[in-house]
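One structure is given here, and the rest of the page talks about it.
Where a number appears in this text, it was derived from the coordinates with a stated rule and is not lab data. What you see is a predicted model; the values in this text were computed from it and never measured. Cβ placement follows ideal geometry from the backbone for every residue including glycine, while neighbour counts extend to all protein chains displayed.
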Amino acid sequence: MLHQKEKMILNYLSQDSSQYITSRELAEKMSCSDRTVRTYLKNLSQELTKLGGGVAIESKQGFGYRLSIQDDKLYQQLLSENHIQNSMVNADITDRHHFILNKLMFEQEGLLFEDLMDQLFVSRSTLSADFKKIRQLLEKYHLTIESRANKGVYVVGSEQDKRHFIMDYFFSGQFMKNIHQYVRQDVLKLPINFEELTMVILDESRSQGLKLSDFVIQNLVVHIALAIKRLQSGFHISAIDLDAVRYEKEILVARSILQRIRLATQVDFPSSEVNYIALHLISKGENRNRTTEGNITSQLRQELMGSLQRLDKETGYHFSGDFTLSEGLLAHLEVLMERLENDVHLDNPLLDEIKANYMDAFSLTRTMLSYLEVLQVEELSEDEIAYIALHIMAALERYKEEHKPNALVICATGFGSAQMLRHRLQNELSQYVNVAEMVGYYDINDEKLSGVDCIISTIDLSNLVFTIPVYKVSVFLKEDEVLYIKKELSKLTAKKTKQHLRSSKGKLTDFFDDYFSKNYFTILEETDKDAVLRHMVSLLNDEDDDQYEQEMLDLMNQRSKMSTVVFDETIAVPHPIKALDKNHKIAVAIVKNGLVWDDYFTKIQLVFLISSSIYGNEGLADITKGIVDLVDLPDIKEKMIACQDFEEFKTLFLSLDQDK
C-alpha cells in the first residue's frame, strides 16, 4: 500500500507523463524538503518495480523524473488497490472545490482533513487554501464551516440557506446549460422546466435525509424529463420489483416527487414509475451494503476511467479529465447495472434524434462501453446506449466551449467603429470565438499574436503571411460575412479540439505551378541568414532590377519586426510587408546543415520566401496552409530537407494533399 505522500507524487507525475519534473518542484508542491521527496520517490519506485515493469518512474540527470505507463490495465489496478479515485488524480482547483462541497452539502457529515488529502492527493497547505475559498463562497449565504476534534469540518447554517446555496452553486449556470444542451426542451416540449424538476427532487430527498450527490440528482432530472416524454409518446414502462421494506425511505421519497410533479404537470405516472425513481435514489442511499457496493463502485470507476483514457488516445479529446463526465457516467452506470440485474430495459424517446443528429457521439459511446469488462455492451439496446450518449454529448459541448478559438481583431478605423465591430462580433459570434483583443495594424507583434488562433481584420492582410488563418470583414460585419466566419470557425474549432483536421484538399495541385518554379529553387549545404535571403531575392528578380533587391530586403525586414516569420524550429517564411511584384512567386531554399535565424531558432533548414502580387493572389492561402501543415508532418518535412532536386520537392509538397 502506498503512503499518502507517494500517492501525491504519483498524482503530480501522472498529470503529464511526457514531461520531466524535478525533485525540487515536487518538494515545493508537497511542502516538504527536496531530500524527503527523493526518499518517497525511491520508495515509490520500489513499489512500482513489484508490478513487473508495466509502470515505472524514469529519471534523467538534469531533467528530473517522469511516470512511464506501458500497461494501462496494470496502472488502473495500482490505483484501485491503493483506493485512488482516478477521476480526482488530475483534478484542478474547480473540481476539488466541487468535490469538497459535494461532500459537505450532500453527505451532510464532518470531513477529516487527512481523508480529503488522501482522496484529493494534495498537501495540507493546498487544502487549507481550498477551504479559504470555500468559506468565502458560503459566507454570502450565511453559512460557515466549523471543525471539531475527531469530527472534522462541517457546514453550519439553516437548511433553507443550504438549499439556496445548493441551487445556486450546483444547479444553475453550467448544470442547466449542459442539461439544456443534451436534453433540449424544444424537442421534449415538457410541461415543467428543468429548474422546477431539480427543486422538487432536492426538496424531497433532503427532507428525508437522503444523501444524493449533484450528479445523481442531475441524472434523475434527465430520467424524469424523459419519463414524461415516454408517457406522452405512448411508450410502455415495464414493472420493476424492489424490496418495499428495505427501501421504504427511497420509495416514499420517489412517491412524493412524482406526486408533486403530477400536480404541476397533470401527467399521470403509472405506479411502476415510482420504483424507477427509487432506483436512482437507492444508488447512493444509506441502506445499501457499503462493503459490497463500494467494491463494485471502485471497480466500475477504475474501468470507466481506463475506458475514457483509451477514448482520449483514439480521439484527441480529454474525456478522462472531465470530472463532470466521469462522475455523471458513474452515477448513471450504477443505476443501469441495477436495472440490468433485474432484466429491465428502458425505451428512449430521443433515440431517433440522437442517431440522426449526434451519430458521432453515439458511436463514441458504444466504443467507450465496449472497453468496460464489468458491463457487457451486447446486453445494451440502442435505447440504453443513447441514454449514456447524452453524457458524451454534454462533454463534447463543454469541450467545444473551452476550446473556442481566440481571435485577434485588427481594425484601422476610429474607436467608435472598433467598438461597434466588437459589439457585432460578440452578438453574432460569441458561441464560436473569443475576442482576445482589438488592435491597430501597426500594433501587431508577437506578443499580441501569442495564444491567438485566428485574425479577424477590417484591413486587407493578404500580402502578409501568418501561421494562423486571417478572415477579412467590414466594420459593419455583414450577414454574409457572419455566415462565412461561422463556417470557417467551426472548421478551426474542430482542428483545435482534435488537432488532426486538414483542409483545402486538392488545392495545392491547382496552384503549385502558379507560385513555385525550378528557377526559384535552391539547395545549399551551409550558409547564413543574410546570405540565403540575398540569394533568394536575387532568384526572384526576374527583370534584373537594381533597386528591386534592396527594396525587397527592406520590406522583409519591416515585416519581421512586426512578428516572427518562423513557423517552427526548422521552417522560416520571410516575406515583404507589402506586395512588390507584378506576379506572385515563392522562392525555396533547403539548407542541409541548417542556419542560425535568431537567438531562439538556430537550425532553420527550410526557407520559403513568399512574394505576393500587387494584382491578385488566388491560391496563396492554400499554399501557405500547406506550409503550415508541414509543421505537424515531421516525416514529410525530413524527406523534404533531404531531397535532391526541384521535382522531388514538388512531389513531396503535393503529397500534403494526400495527408489531409
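Whole-Hz Karplus values for the stretch 120-126 come out as 9, 6, 10, 7, 4, 5, 5 Hz, taken residue by residue from phi with 6.51 cos²θ - 1.76 cosθ + 1.60 and θ = phi - 60°; glycine and proline positions read x.
Starting from the Cα-Cα distance between Ser655 and Lys578, subtract it from 0.36 nm times their residue separation and give me the gain in nm to one decimal.
Working: separation 77, 0.36 × 77 = 27.72 nm, distance 3.01 nm.
Gain on extension, Ser655 to Lys578, equals 24.7 nm.
Per residue, what volume in Å³ does the Cα convex hull of the stretch 406-498 take up? Mind showing how you got there, number by number?
On the way: hull volume 8.5 nm³, N = 93.
Hull volume over Cα atoms, normalised by residue count, gives 91 Å³.
Model label sites at Glu648 and Lys60, defined 7 Å from Cα along the beta-carbon direction, differ in position by 3.1 nm.
Filter the GluC sites (Glu not before Pro) in the stretch 99-135 to those in DSSP coil with at most 14 other Cβ atoms within 10 Å of their Cβ, and list the result.
Details: sites: Glu107, Glu109, Glu114; in loops: Glu109.
Filter output for the stretch 99-135: Glu109.
Note on His3 and Arg38: the model spin-label points, each 7 Å out from Cα along the C-beta direction, lie 1.5 nm apart. If the Kirkwood radius is taken over C-alpha pairs of the stretch 507-657, then at 20 °C and 1.002 mPa s the Stokes-Einstein diffusion coefficient equals 139 µm²/s. Evaluated over the Cα positions of the stretch 4-70, the convex hull gives a direction-averaged projected area, one quarter of its surface, of 4.1 nm².
Compute the length gained on full extension between Glu382 and Gln19: take 0.36 nm times their separation in residues and subtract their Cα-Cα distance, giving the result in nm to one decimal. Write down the numbers at each step before the final one.
Details: separation 363, 0.36 × 363 = 130.68 nm, distance 4.09 nm.
Extra length from Glu382 to Gln19 when fully extended: 126.6 nm.
So for the chain, what percent of the C-alpha to C-alpha distances run longer than 38 Å? So the portion of pairs separated by more than 38 Å is 50 percent. Were the residues from Ile614 through Arg135 laid out at 0.36 nm apart, the gain over their Cα-Cα distance would be 166.1 nm. The label point for Asp312 and the one for Asp115, both projected 7 Å from the Cα toward the Cβ, are 2.8 nm apart. What the phi angles of the stretch 357-373 give under the Karplus curve with 6.51, -1.76 and 1.60, with θ = phi - 60°, is a coupling list of 10, 9, 4, 4, 5, 4, 5, 4, 5, 4, 5, 4, 5, 5, 8, 8, 6 Hz, glycine and proline written as x.
Suppose every Lys and Arg Cβ carries +1 and every Asp and Glu Cβ carries -1, with no other charges. What dipole size does the stretch 507-657 come out with about its Cα centre, to the nearest 20 debye?
On the way: 15 positive and 30 negative charges, 60 e Å.
With Lys and Arg at +1 and Asp and Glu at -1, about 300 debye.
For the chain, the relative contact order comes to 8 percent (Cα pairs under 8 Å, sequence separation of at least 6).
Taking the Cα centre as origin and putting +1 on Lys and Arg beta-carbons and -1 on Asp and Glu beta-carbons, what dipole magnitude results for the chain, to the nearest 20 debye? Mind dumping the intermediate values first?
On the way: 75 positive and 101 negative charges, 374 e Å.
Once rounded to the nearest 20, the dipole reads 1800 debye.
The alpha-carbon of Lys478 sits under 20 angstrom from the alpha-carbons of these aspartates and glutamates, leaving out residues fewer than 8 places away in its chain: Glu428, Asp460, Glu488. A dipole drawn for the chain from +1 and -1 charges on Cβ atoms has a positive end, and of Tyr520, Ala394, Phe106 the residue lying farthest that way is Phe106.
Near the amide H of Ile456, within less than 5 Å, lie the amide hydrogens of Leu408, Val409, Ile410, Tyr471, all on another chain or at least 5 residues away, with H placed in the peptide plane. Phi angles of the stretch 45-61 translate, via the Karplus equation with coefficients 6.51, -1.76, 1.60 and θ = phi - 60°, into HN-Hα couplings of 4, 5, 5, 5, 4, 5, 6, x, x, x, 9, 8, 9, 9, 10, 9, 3 Hz per residue; Gly and Pro are given as x.
As a quick test, which of the pairs Lys189/Lys404; Lys561/Lys585; Lys448/Lys637; Lys400/Lys487; Lys5/Lys73; Lys140/Lys162 have an alpha carbon distance above 18 angstrom in this structure? Don't skip to the answer; put the middle values down first.
On the way: Lys189/Lys404 30 Å; Lys561/Lys585 22 Å; Lys448/Lys637 28 Å; Lys400/Lys487 15 Å; Lys5/Lys73 23 Å; Lys140/Lys162 11 Å.
Too far apart for the 18 Å limit: Lys189/Lys404; Lys561/Lys585; Lys448/Lys637; Lys5/Lys73.
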